[in-house]
Amino acid sequence: MYGDLYKAWKSEKSNSLPQPLPEDLYHRTTMYLRGLDEELATTDRHTIQGRLLVKEKEVTERLLQELKQARLQKILSAAQNHAHIQTTSMTENESNLIARIEQTVLSLDQPLQASSKLDETGLIVVRILEDLPEIVGVDLRIYGPFKKEDVVSLPEPNARALEKQGAAKAIEVKNFPKGG
C-alpha cells in the first residue's frame, strides 16, 4: 500500500495536470493508517519496531496530505484560468468538487456580463424629481441617495425606469459622451 501511495504522490508532484489515481487509493490508505494505529497500540514506541511504525505513519500521512493538496491546487488553478479538467483522472469527490467550482465560476461571471451591458446602453443625464434612496444600477454600482432637483448620470435602463415612475426626467446634454 505504501508503495502505491508513494508512486501516486511522486507522479502528482512531477506533472502539471492531475494524474489518474487508483479508484480506491484514498480508502486503502485510510485502512492502512488504521492498521498502523492498531499495531502501534500494542507496540512499545521506544523499540526500533515502534519507532519505525511511528515514522511510517507520519510519512504516510504527510504523503497523503501532500497528494491531496497538490491535486486541490491543480483543480483551483484550472478553475482560476477557466480551464477544464478531465474528471476521468479524478476521484468521485474531486469530480463533484470540480463541478461545484465550475458552477460557482459561471455564476461569478454573470455579474461581469451584466456590467458589460453598460457599454452597450450608455449613460443618461436625468433631473431627479423627488428624494430617492440609493439604487443599484445595472452595472451593479450604487447610485444615490438623491435629493429633489439633483442632476445625475445613470445607466440608461435605470434612468428610463425612474422616468416611468415619475421620479426623474431625462435632460438632453449636448456633447455628453455616450457609452460611459
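The values are calculated or read from the model by the stated rules, or taken from the named source; none is laboratory data. Just so it is clear, the model here is predicted, and its values are computed rather than measured. Virtual Cβ from ideal backbone geometry, glycine too; neighbours counted across all protein chains shown.
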### Summary
Of the residues in the range 127-141, those that are within 13 Å of P157 (Cα to Cα), surrounded by 13 or more Cβ atoms within 10 Å (Cβ to Cβ) and touching a Phe, Trp or Tyr at 6+ places or on another chain (Cβ under 9 Å) come to I135, G137
### Query
Give me the pairs: first residue in the range 4-31 and assigned by TED's automatic domain parsing to the domain that holds H84 and in contact (Cβ under 8 Å) with a residue 40 or more places away in the chain, second residue hydrophobic (A, V, I, L, M, F, W, C) and part of a loop (DSSP other than H, G, I, E, B), beta-carbon distance under 6 Å, and six or more apart or on different chains, which are they?
A8/L21
### Query
Can you name the condition, by its number, that E23 falls short on among (1) under 30 Å from R100 (Cα atoms); (2) crowded, with 17+ Cβ neighbours inside 10 Å?
(2)
#### Entry: Filter pass, L123 being at pLDDT 90 or above, surrounded by 15 or more Cβ atoms within 10 Å (Cβ to Cβ) and within 37 Å of the chain's Cα centre (by Cα)
no
### Task
All but one of (1) in contact with a helix residue (DSSP H, G or I) (Cβ under 9 Å, 6 or more places away or on another chain); (2) modelled with pLDDT of 90 or more; (3) hydroxyl-bearing (S, T, Y) hold for T91, so report the exception by its number.
(2)
